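The block underneath contains the structure these notes are about, expressed in structure tokens.
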Amino acid sequence: MIPSIEEIRTFLERLGFDGKAVNELIEQIEYFETEAPERDDIVRDYLRDECIETIVNDIVEEILKLNRESIKLLDVAAGSGFFTERVKRKLEEKGVKVRVYGFDITPSMLRRLKEKGITPIWGVAEKIGESIEIANEHYGINAPKEFDMVVSTLAFHHFLNPEGVLESMRNVLKEGGKVIIVDVLKHEHEEFKETLKDTHLGFSLEEIKEMGSRVFKNVEAGYMEIYCEVGDIIVGLYKAVFA
Ligand SMILES: C[S@@+](CC[C@H](N)C(=O)[O-])C[C@H]1O[C@@H](n2cnc3c(N)ncnc32)[C@H](O)[C@@H]1O
């Protein structure tokens, strides 16, 4: 269920990534392997309790608007499952039957998800459907190919091809389903590319709306009234909902 780096190389080639992209993705994995054991504490460092609660509540509210008794939820680049676990718990408290899958490229993050009782799926966000096929075939896990809700928190700025990720999310969305992205707004801290392995310095609301409208019919994006603190640097957050 959790691949080795060698298996990952084979999977990435099978998914059609060229040598350069494979190396970039492996670099991301190596960075996040070291972050995995501490990821929950890192999130607590970045965000105060009320910020964490706001993110969880906003995601849950959007999910409740679907008005479904049971839902299949995919958390893309779920990391250690910090938000996945909290969203699942809150939905259950509200009486929603929820099947939650944590999708990530980094083996140690998948281990953390499994420890938290969240079904881990190895895969690349740019190719979600194809990755799920590989995971199902290789590990016999029978993960669904479509979801009512696709969420992603604090990860969008890490993706090599963000618009490709939106397309890949749309392709695994059930009729009437929704995608929710919570991530950092555009900033000027170039150093994060080195220190936090960020690929992009966040996105402005205009950029995210423009990108979203090339892929989805309905696009909403707005500032969140909370922010992320990285040491003494403050970065704003946005929430985008696509359907
Ligand atoms: C900053 S962490 C965010 C984790 C979690 N969503 C959270 O809010 O704490 C970014 C995560 O994205 C994953 N990741 C990076 N690029 C990815 C990709 N192309 N496909 C899938 N996962 C990816 C990393 O392994 C890592 O777990």
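Some notes on this structure:
- Checking every residue in the stretch 116-127 against the condition of being assigned to a helix (DSSP H, G or I), among the acidic types (Asp, Glu) and more than 10 Å from the ligand (Cβ to nearest atom) gives zero matches.
- Matching residues, the stretch 152-169, being more than 6 Å from the ligand (Cβ to nearest atom) and part of a loop (DSSP other than H, G, I, E, B): Leu160, Asn161
- Of everything in the stretch 63-102 that is away from the ligand (no atom under 16 Å from the Cβ) and acidic (Asp, Glu), the residue that is nearest to Thr119 (Cα to Cα) is Glu92.
- Subset of the stretch 63-95 (residues that are farther than 18 Å from Trp122 by Cα and part of a loop (DSSP other than H, G, I, E, B)): Leu66, Asn67, Arg68, Glu69, Lys94, Gly95
- Qualifying residues in the stretch 181-203 (those that are surrounded by fewer than 22 Cβ atoms within 10 Å (Cβ to Cβ), more than 10 Å from the ligand (Cβ to nearest atom) and aliphatic (A, V, I, L, M)) - the one farthest from Thr34 (Cα to Cα): Leu185
- Hey, Gly202 more than 13 Å from the chain's Cα centre (by Cα), at positive phi and not charged (D, E, K, R) or not: yes
- Of all the residues in the stretch 1-28, those that are surrounded by fewer than 18 Cβ atoms within 10 Å (Cβ to Cβ), hydrophobic (A, V, I, L, M, F, W, C) and modelled with pLDDT of 95 or more number 3.
The values are calculated or read from the model by the stated rules, or taken from the named source; none is laboratory data. No experiment lies behind these values; they were computed from the predicted model shown. Neighbour counts run over all protein chains shown; Cβ positions are idealised from the backbone, glycine included.
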